[in-house]
Every structure is written in structure tokens, then in C-alpha cells.
Amino acid sequence: MADTGVVETLLRLIEKVDDGVDSLEVAASLGVDHQVIVGAVKSLQALGDIISAELRSSKHWELTEEGTEIAEQGSHEARVFSSIPLEGLAQSELMVESIDDQVREKLLLVKKANTAQLEEKEKNELKKRKLLSEVTVKSYWISKGISFSTTITKQETELTPEMVANGSWKEKKFKPYNFEAMGVAPDCGHLHPLMKVRTQFRQIFLEMGFTEMPTNNFIESSFWNFDSLFQPQQHPARDQHDTFFLSDPALAHEFPQDYLERVKKVHSEGGFGSQGYKYDWKIEEAQKNILRTHTTAVSARMLYKLAQQKFTPVKYFSIDRVFRNETLDATHLAEFHQIEGVVADYGLTLGDLMGILHQFFTKLGITKLRFKPAYNPYTEPSMEVFSYHEGLKKWVEVGNSGVFRPEMLLPMGLPEDVSVIAWGLSLERPTMIKYGINNIRELVGHKVNLQMVYDSPICRLES
Amino acid sequence: MPTVGVKRDLLFKALGRTYTDEEFDELCFEFGLELDEITSEKEIISREQGDSKASGASDTILYKIDVPANRYDLLCLEGLVRGLQVFKNTLEAPRYRRVSPSSGEPQKLVITKETAAVRPHAVAAVLRNITFTQERYDSFIELQEKLHQNICRLRSLVAIGTHDLDTISGPFTYTAKPPGDISFKPLNQTKEYTATQLMSLYKTDSHLRHYLHIIEDKPVYPVIYDSNGIVLSMPPIINGDHSKITLKTKNVFIECTATDVTKAKIVLDMMVTMFSEYCSQPFTVEEAEVVYPDGKTYKYPELAYRKEKLSSEFINRKVGINESTEKIAQLLTRMCLLSQATGVGDEIEVEIPPTRSDIIHACDIMEDAAMAYGFNNIPRTTPRTYTVANQQFVPSLFLGHSCPLRQIVAHLSSLTTLCHHQVARTTLLPGLLKTIAANRKMPLPLKLFEISDVVLKDETKDVGARNSRRFCAVYYNKSPGFEVIHGLLDRTMQLLEVKSVRGDGYHIQAADDSTFFPGRCAEIFVRGKSVGRLGVLHPDVINRFELTMPCSALEMDIEPFL
């Protein structure tokens, strides 16, 4: 709050005039700095419509430092003239008797604020010589407001415990709140978008009665990652170019022996109704440790475990990291999260798989689905899942699915009439779509933009 | 997934009708193919090499079609057209026959024992009286390339050599010799080179250099000679120039050398089934004999037709449809699997042609029936499977909501670790510090945490390693804020119902750790066991991550609480 004295004086001044006053003139007449008057105007404005103040700007000329010097002591030329003693000059006869210091006179005019007596040309000339400068001054034209009054009551900013206790709030006026301003940001944690979307997917699976698989084993043997899934040892996915192999610990050392023998047989000779791949299956290849390339390796372990007991139908899911030796670009990283759902029961059909996919994707807000025949070494039939994208006006792939091959299930010891259907998708892609992120490196990895994390809204996949 | 490029007009001509792009896309979708791109030679060149290079190139529209990785019979125009026509019921699948030469003995390829050390198998066949056109010839070369890229695993499992039979004379010998002893004029070269020279010549060849490693360090290299000592090929690298096929070639000798004989047979079957169409007696292939070092003789190509019996009930049950036995036999026939009801119950006899090496189980036949039926015509049903859901305990969830720290970073820095240092990460702290370094413009304080798995060696596990779940938090501000990190530990323990007492609860005690500033590090003990550390980071550590502010951190094992 500005000095109350100045505020009151200002109000009385305004009361006396019909139209209004200029803040500069007020400052001059009161003999105070202009800023003091500006402060008084601002604080009166904050009280409501007591006064109305219109911002004006005027230009006037001011002397520069050099100009001030000349106004006081004469122009350089004049000063030279006056400092030369007459007797010391050989050319004294050439000297004029006196000089007329026009520059000084002009500057003095400006100094006395009689600028109007100077012509524009003269002013510009002096401006060029850096003796004068044109200054813009902002002032207020102050007049009475709608609720003008010379007596002002101080407005309170906030309700205090004292006011509540003694009832003084009844007499007080309160400063209005600025509802345009933002509130204070709460001190809270922010979940990474990927984690928010993961939570939603977990929720969906849990709602559908799926049990979460333990996926805490990034390191997997080729046996569980590939061989158990009936993926042949010469398959390109088992190449160095696609998979991260471990150098230490390089090899897995323990396998269920009779199961391993059955896997070897189905690959190399066939069996369980299969021709097999008819190649020389090598334990050395199966032993190689890798960073798992899909969570289906976990599903394989779970299904094997299931087969070792009396069969009961199961629904499993997992969402966790997998690793591929991919060329990195805006949509590919060497590491991503795979979402996987698996159902094992007697007599499941391809129609069941499509039905359950329909339910799953409906929960994601995707209702238009169609299926394309595809190839996958461990599922037959295999289907790519496409959904109709309203924005792009075309069908886009949203996941992969299939029925696990008998060559995978029967060596595990699952009953022959049990079918296992499964599907998978990545977590990153729906997250990028949901949060409008184009470059995967902005979403995952240490280059993540924390502002994006702070700002990202809650995740509701169905809307 | 392999991609096959075919000229659109040529494809439509062969299919006997034209399609709009949308119609053809739809047909592909149904058949399990994908019309990946519609382009032209000109467009490809201008995209890859700039507009100036593309001016003279052809405007002919090309369809790039993605083919499933196990359908080698669809890797060329001939196969695609045949597959689609049979699928659309406009063609009956042809029968492929192996025939004896009309006169004289079959061509003979004799394998010597030296090949055992490098590439022990070979198969061969003859395409007699074939008529090439430029398009057919291009397709013939392209199919070899596609097979090499896919089933042949970049020639490591199988390598194909095709020769103008009229320029060479059998019997042929497949042997292996030291590279210095092999000398011939390779394809499209003007002079003779020894194998040793060739290997260095092709070191800089953008195409061939990828195959050199297959034999490079072997003491002997595989080589095929004719009866006059002319080199047909030095598999899997290059053919001889002498026997190269041209547009005028009438009789083609095909040899495939291999480390995997099953795949060699498939590859040979593919080559001959696809191109015997252009022989004077279409779909017939002249046999060749291959003699192994032990004297055993085999006749190729096998062109084996296998018969399988299954019930229509099986197909209906697996797919979830209800079709008659006859209808299902018709569906399968449309997939090049000639089928008929045997009349015994609902039994169907299915004949698997040599082109369908992908059919190895009844489930493959079932899938074909479903495809012909149309995946999208199958009623979508809900399985009756009754289960109760269960979840793994995820502490990150409650921590994320209740702790004062700013965020969970789903940290994937093991990615960078993997690529740059070739190790899986064993600690979470560097990832969080890197995240701070990448976000230095953000207002202070920065409070980050992560709950993630690290990988540790563990002999008791079958793979020799296990995951361990860690909790890591960092406080980055103008003051170190040890009390903030310490408070976080207290809060975490409170939520985990661990009391602040020695023995049964948790406590911290001073520890030495070069990561932390001396005297500002403590070890965390839970129920007497050390689970991690907290403290003020050593300035050297802060600097190394290009950070400028003091920083306190906590990292602990949370496996005991899972």
C-alpha cells in the first residue's frame, strides 16, 4: 500500500477538478517523484472503481550528459574562445570581439522546458550531435471512478483467526481474489505414463479373471525362450543380429531332462502328430543364455509347470520387459514391454480366441477388429489383430495372437484335448498413441522429459 | 517377413483379371499376405539415389507384397499367382511330376568325402526345354535370392547354383579343395582367380561379402566340377561364368549344396515347382542322381506328395465352425491341399503337395481350412473358462502414490548399458543420475525414484542369474538433503510395517562407500541384514554425471518385502 498521505492528497485533488489530473503534473505540484504517484494510482485501482486511470504517454526533449555540460558551461567552441587569452595569440587581429553561443542558448531553452521555441530541424540537429534526446514519459490521466470517494477503508487480503474470533470481519472489506491466476502446484509424485498405462492393462486382465505370471527373469536360456516353443534352432530370431546373447553366465546348466528329450525329438524327428523340422537338434544351442526376447518364455515355463500337475483351466497374463537387438529408431528400442495374455482350457476354438480378443480390446475402447492370417513358429493358427483407426481411416495392426502348436504343448505333458490361446502386444505403442508421443526415446530411457511426466494426465484407456 | 516385388500389370495378366488397389489389398489380407507398398522402379531409385538417377527408370507399377516366412511357395510371381488362383477357384492346383530323361541316363552329381568337412550335402535336378523371357528370367534369379535370404539362412544352410546344362557335361563332381587349388573364371568376371584371390576380391563386394564367413576359415572350400574339369560353382559364394544361364538357355541344371539336407530338398522342390511351368512339358522335372561318398544314391527332386487323414469334426472343433465334411474338403482344396471325403465317417484325406513344406501337423491343415473359410467369418465366442484372478505384489504402486518423490521413471537404461557396455545393469542409481543430467533445466529440487529389476549372477538358478528388485531414489537440490532421503526411508519402512529398532526392525549405521561423500553414507539394515545404502553422493560422482548440485541418494534391495 502506497503512502496513505499521498493517496488522500491525490483523492482530494481529483475531487476538486471536473475532468481529471495528469499524474506528472500532480507529482510536480506535490514536489514528489512521479513513481510515488504511480504507486498511489496502482493501490487505488486495486480497491475497485474509486478512480479511473488512463495510461498516456508524452514525448519531451531532454539534454544528454554532454548537452547539460554545454548548457552550463557553453559550447566547446565558445569554451575554446573564452579560454584563449587575447595577448597569447598571434592571430589576435583576426579574432572577433565576441561570440554568440547559439548552441548553449538552444540547449538552455530545452533545459527550461521551452522546447516549443525550437524548430524540429534544430532539435534533430542537436539530437544528431548527441546533445539532446527525445524521451517518452508515461503518465496517468486520473479521473473519478464510479464509486469515487475521498475516504478509503483499507481492504483486507485474507480472513484471519482474529477476525473470526472477534467478528471484525463483518466491518471489513476484502480484497477480491484474482480467479484468473493459477493455484499453487501441490507437492506430489508423478507416475511415468508407461506405468500408468501398465496399471490400466493389469486392471483389465484382472477384471477378466487373469492371473499375473512372475516375470522376474530377464535372463533366459534359449531352451525356454525358443526350443520349448518349437522355434527351430536355425530360426533367424536366434541370430546374433536379433537377440542379445550372454557371455557370463553364458550357459544354462539345468533342464527337466525327460522334457528336454521330448523337445529334442519333436524338433529333430517329429512326433505328437508332427513331421518335425528334421534337423540335428543340439543341446549346445539350447543352453545358450540370452536376454529373453519375449515374455512367452515365461508362459512356456508356466505351462510346463501346469502340465506337471492335474490339469485345471488357467488364464494367465504378464506385462514386462523383453529385449531385441534391433536397429534403434523413433519407434524401436532394444528393450520394450510386452503385454501377453494366455488361456488354457479344454476345447478352446479359434472363435474363442477372437471372442476374448474382442472383449479385451473393447475394454481398451477398440471395438472394430478384424483378423489376418499370419505366421509364427509357435502358434497355428496365427492371427494379426487389426483395428479400424477412425483418425487414419484405415486398419492398423494392434497385436498378434494364435493357438499354441501341439508340438509345443504335448511334449510339456498337457492333455491332448487342451488348447492354449494367446495374444500379445507392446506397452509402448498404446502409451505413445495415448499420450501423443512420437519418439520412443522421449518416453523411455534416461532422456525422458520430466516435464512430460509431470504434465501427463491420468490414463483411461476406454475413452 | 520376406517381401516380394511383382509388376502389377504382369500379376493381373497372370491372374486373368484386374483389381483396384483396395480390392487387391483385401484379397491379400484374406489370404494372409500384406500389400505393403505400391511403388515403381523409378520411385525406388529416386528415393534411394535422388531424382536425377531415376529419370530413365521404369514407371511400371510394382506391388511389394509381404509373404509369411514359412510360405516359400509364394516368394515369386509364379507361386503367388498359382496360390491366389487356386484360392479363388479359378485354377486347379497343378501336379508336379519327376520324370526320367527321354533318352539316356539321368544327370549325376557325385559327392566326394572331402565335402564332409565343410558342406556335406547336395541335391540336383534338371529343367528340360524351358523357355525364358526377360520377366521369367528375372523372376528365376529373384526367387533364388529370396530363398537364399530366408530358408537358406543367407546361404549358410543351403546355396543354390543354376547352370546352362548345354555348356557343361556330366557326371558332375561335388568336392572340397584347399582354396589355393581352386581356380576359375567366376560369374561376370573376365579372368580366372584362385579361390584365395576371390575371397579377397569379394571382401569389398556389397553383396557377396556377407557370405564369405561361411567358408572363410575352413581348410577346404566346396567346389563343383563337370566331367571336363570346368567349375560350375564354388558354393556358397559364386558360380562359374562358363555355365551361366541366359535368356537363350533351354536346359537348366540346378544344384543345391547344404549343411541341412532337409532344407536343401525343400529349396530344390521350390525352384523346380515354380519354374517347371515354363518347360515344354509343364510341371515336369527331369530327375538327377546324387551319389554320396558311401555309395548311396538318391534321386532328386523328391517332389513328394504326402497324404494325411483327419476328421471334419477336428477342424470344426478347433476352428469353432460347423461345416460339412464335403465343404471342409473344398476349403482345403482351395489352399492347394487337394482333399476329399473318404466316405468313412467324417474322414477327409488331404494331399500335401511338395510346395507346402510348411504343413507339418494337422493343426497346419486346420489353419488352412480356417483361412479358406475366412477368419473374419468365424463366429466370435466367449470361452467358458472359469478362473479367479491373482496378481503379483507390486510395491511400486503404493509407493508411487504415497511417497513425496516426484515420479517413477520406468527406467530402461539397461538399454544403453547393453549397447555400450554389454552388461545388464546391477544398480539403478546411474540411470536416475543420467535422467537428472538430461533434465537440468527443470526447477529444483528434483526428486526421482525408480523401482525396477537388476540382474545378478546366481549359481543356484538354472540359468545362473536372477532378477533382484531394487528401490532407488535421488534428491537433487542446492543442499544435499540427506534428511529428505532418510525421511523417505523411514516412510517406506513405515508403509512396509518395519519398526525403527535394531534387531527386529530397521536401522542405519555409518559405512564407507566411495560412491558417497566420506562420513555421509550409511548402510541400511533390515532385521539384521544389510539391504542397501543411503547418503550424500561424492562430488566426484556428481561431476562425472555432469551435475552441479549436491545430491543425496538411496538404493536398496526390496526382494525381502515382495
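Okay, residues lined up against (1) modelled with pLDDT of 85 or more; (2) open to solvent by 50 Å² or more (accessible area, probe 1.4 Å); (3) outside any loop (DSSP other than H, G, I, E, B); (4) closer than 25 Å to A:G39 by Cα:
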site: A:T136; (1), (2), (3), (4): no, yes, yes, yes
site: A:S143; (1), (2), (3), (4): no, no, yes, yes
site: A:S149; (1), (2), (3), (4): no, no, no, yes
site: A:V164; (1), (2), (3), (4): yes, yes, yes, no
site: A:Y177; (1), (2), (3), (4): yes, yes, no, yes
site: A:V184; (1), (2), (3), (4): yes, yes, no, no
Checklist entry - Within the stretch A:228-235, is there a residue that is more than 12 Å from every other protein chain (Cβ to nearest Cβ) and under 30 Å from A:L251 (Cβ atoms)? => result yes
Next on the checklist: Given the options B:E323, B:E302, B:E308, name the one that is in contact with a helix residue (DSSP H, G or I) (Cβ under 8 Å, 6 or more places away or on another chain), closer than 22 Å to A:Y375 by Cβ, within 14 Å of chain A (Cβ to nearest Cβ) and open to solvent by 30 Å² or more (accessible area, probe 1.4 Å).
Outcome noted: B:E308
Checklist entry - If the Cβ limit is 8 Å and pairs must be 6+ apart or interchain, which residue in the stretch B:355-368 that is more than 9 Å from chain A (Cβ to nearest Cβ) and within 19 Å of B:V272 (Cα to Cα) pairs with which residue that is part of a loop (DSSP other than H, G, I, E, B) and not polar (S, T, N, Q)? => result B:T355/B:Y96; B:T355/B:C336; B:R356/B:C336; B:R356/B:L337
Checklist entry - Residues of the stretch A:423-441 being assigned to a loop (DSSP other than H, G, I, E, B) and open to solvent by 20 Å² or more (accessible area, probe 1.4 Å), which ones? => result A:Y435, A:G436, A:N438, A:N439
Next on the checklist: What are the pairs with Cβ atoms under 6 angstrom where one residue, in the stretch B:289-314, is free of Cβ contacts under 8 Å to residues at least 40 places away in the same chain and the other, located anywhere, is surrounded by 18 or more Cβ atoms within 10 Å (Cβ to Cβ) and not in a loop (DSSP other than H, G, I, E, B)? Sequence gap at least six, or different chains.
Outcome noted: B:T297/B:V291; B:S312/B:T325; B:S312/B:I328; B:S312/B:I348
Checklist entry - Of all residues in the stretch A:375-406, which are at the interface with chain B (Cβ under 9 Å from one of its Cβ atoms), more than 23 Å from A:F272 (Cα to Cα) and of a type in the set (A, V, I, L, M)? => result A:M383
Item to check | Those residues of the stretch B:182-217 which are of a type in the set (D, E, K, R), touching a helix residue (DSSP H, G or I) at 6+ places or on another chain (Cβ under 7 Å) and under 12 Å from B:I238 (Cα atoms), in sequence order | outcome: B:R209
Item to check | Residue tally, condition open to solvent by less than 10 Å² (accessible area, probe 1.4 Å) and of a type in the set (K, R), over the stretch A:369-404 | outcome: 1
Checklist entry - B:E546 fails exactly one of the following numbered conditions: (1) surrounded by fewer than 14 Cβ atoms within 10 Å (Cβ to Cβ); (2) in contact with a helix residue (DSSP H, G or I) (Cβ under 6 Å, 6 or more places away or on another chain); (3) under 30 Å from A:H253 (Cα atoms). What is the number of that condition? => result (3)
Checklist entry - How many residues are crowded, with 20+ Cβ neighbours inside 10 Å and either among the aromatic types (F, W, Y) or closer than 19 Å to B:T262 by Cβ (or both) when one looks only at the stretch A:233-268? => result 5
Checklist entry - So which pairs qualify, if the first residue must be in the stretch B:475-495 and among the aliphatic types (A, V, I, L, M), the second must be in a helix (DSSP H, G or I), the Cβ gap must be under 9 Å, and the two must be at least 6 apart or on different chains? => result B:L495/B:P395; B:L495/B:F398; B:L495/B:L399; B:L495/B:S402
Checklist entry - For the subset of the stretch A:271-289 comprising residues that are touching a residue at least 60 places away in the same chain (Cβ under 8 Å) and within 9 Å of another protein chain (Cβ to nearest Cβ), which member is farthest from A:N225 (Cα to Cα)? => result A:G273
Item to check | Condition met for B:P379 (modelled with pLDDT of 95 or more, outside any helix (DSSP H, G or I), within 28 Å of A:V420 (Cα to Cα) and within 12 Å of chain A (Cβ to nearest Cβ)) | outcome: yes
Next on the checklist: Among the listed residues A:V444, A:V420, identify the single one that is buried (at least 22 other Cβ atoms within 10 Å of the Cβ) and more than 10 Å from chain B (Cβ to nearest Cβ).
Outcome noted: A:V420
Next on the checklist: Could you tell me how many of the residues in the stretch A:357-368 are open to solvent by less than 10 Å² (accessible area, probe 1.4 Å) and over 30 Å from the mean Cα position of the chain (by Cα)?
Outcome noted: 1
Item to check | Candidate set: the stretch A:1-54, residues that are open to solvent by less than 80 Å² (accessible area, probe 1.4 Å) and among the polar types (S, T, N, Q); chosen: the one farthest from A:S139 (Cα to Cα) | outcome: A:T4
Next on the checklist: I'd like to verify a number: residues in the stretch B:76-92 that are part of a loop (DSSP other than H, G, I, E, B) and crowded, with 19+ Cβ neighbours inside 10 Å, how many?
Outcome noted: 1
Item to check | Any pair with Cβ under 8 angstrom, 6 or more apart, that starts in the stretch A:243-267 at a residue that is within 11 Å of chain B (Cβ to nearest Cβ) and ends at one that is open to solvent by 90 Å² or more (accessible area, probe 1.4 Å) | outcome: A:S247/B:Q422; A:D248/B:K457; A:P249/B:K457
Next on the checklist: Looking at the structure I just gave you, is A:R460 modelled with pLDDT under 95 and within 13 Å of chain B (Cβ to nearest Cβ)?
Outcome noted: no
Checklist entry - Do the conditions hold for A:E390, that is, is it more than 28 Å from A:A334 (Cα to Cα), modelled with pLDDT under 95 and among the acidic types (D, E)? => result yes
Checklist entry - Looking at (1) open to solvent by less than 40 Å² (accessible area, probe 1.4 Å); (2) touching a strand residue (DSSP E or B) at 6+ places or on another chain (Cβ under 7 Å); (3) within 30 Å of B:V6 (Cα to Cα), which is the one condition that is false for B:L143? => result (2)
Next on the checklist: within 20 Å of B:G32 (Cα to Cα) and touching a Ser or Thr at 6+ places or on another chain (Cβ under 9 Å): which single residue out of B:T381, B:T355 fits that description?
Outcome noted: B:T355
Checklist entry - Looking at the stretch A:330-347, is at least one residue farther than 30 Å from B:F393 by Cβ, open to solvent by 10 Å² or more (accessible area, probe 1.4 Å) and without any contact (Cβ under 8 Å) to a residue 40 or more places away in the chain? => result no
Next on the checklist: Pairs needed: first member in the stretch B:105-127, under 17 Å from B:H163 (Cβ atoms) and open to solvent by 40 Å² or more (accessible area, probe 1.4 Å); second member anywhere, polar (S, T, N, Q) and outside any helix (DSSP H, G or I); C-beta distance under 8 Å; at least 6 residues apart or different chains.
Outcome noted: B:V110/B:T173
Item to check | Residues of the stretch B:16-28 classified as out of contact with any Phe, Trp or Tyr (no Cβ under 6 Å at 6 or more places or on another chain) and open to solvent by 20 Å² or more (accessible area, probe 1.4 Å), total | outcome: 9
Checklist entry - How many residues are over 18 Å from B:V541 (Cα atoms), within 7 Å of chain A (Cβ to nearest Cβ) and not in a strand (DSSP E or B) if we restrict to the stretch B:419-475? => result 6
Checklist entry - Given the structure, is B:G180 of a type outside the set (A, V, I, L, M, F, W, C) and not in a helix (DSSP H, G or I)? => result no
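The values are calculated or read from the model by the stated rules, or taken from the named source; none is laboratory data. Fair warning: this is a prediction, and the values are worked out from it, not measured in the lab. FYI the Cβ positions are ideal-geometry reconstructions off the backbone, even for glycines, and counts take in every protein chain you see. Just the protein is used for accessible areas: all its heavy atoms, side chains included, with ligands, DNA and RNA removed. Shrake-Rupley method; radii C 1.70, N 1.55, O 1.52, S 1.80 Å.
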